[in-house]
Amino acid sequence: MIAKMMEALDGERFDMVMEKTLRGMTHVMMWGCLPYFLYVVIRLFTN
């Protein structure tokens with residue numbers, strides 16, 4: 001059972017899934033933080 005799990009984690013498919021996951025998380029982080037960053041900049045210059 002451990003050998004099958006290690007084989008699955010070491011395979012090419014896992015690398016593709018991890019790459020897509022990391023790319024998606026990066027996009028969510030960038031587009032999720034951008035409005036907050038703009039809010040902070042606007043508040044900084046309006047006070």
What number, rounded to the nearest 500 deg cm²/dmol, is the helix-based mean residue ellipticity at 222 nm of the chain, given -39500 (n - 2.57) per DSSP H run of at least four residues and division by all its residues?
-32000 deg cm²/dmol
Magnitude of the charge dipole, the chain, Cβ model with Lys/Arg +1 and Asp/Glu -1, debye to 20
320 debye
In nanometres, the difference between 0.36 nm per residue of separation and the alpha-carbon distance of Val17 and Phe37 is 4.2 nm
With the dipole of the chain worked out from charges on the C-beta (+1 for Lys and Arg, -1 for Asp and Glu) around the Cα centre, which of Met18, Met1, Leu44 lies farthest toward the positive end?
Leu44
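Bear in mind that the values in this text are calculations on the coordinates, not laboratory data. Being a predicted model, the structure only gives us computed values, none of them experimental. A quick note on method: Cβ atoms are made from the backbone with ideal geometry, for glycine too, and the neighbour counts reach across all protein chains shown.
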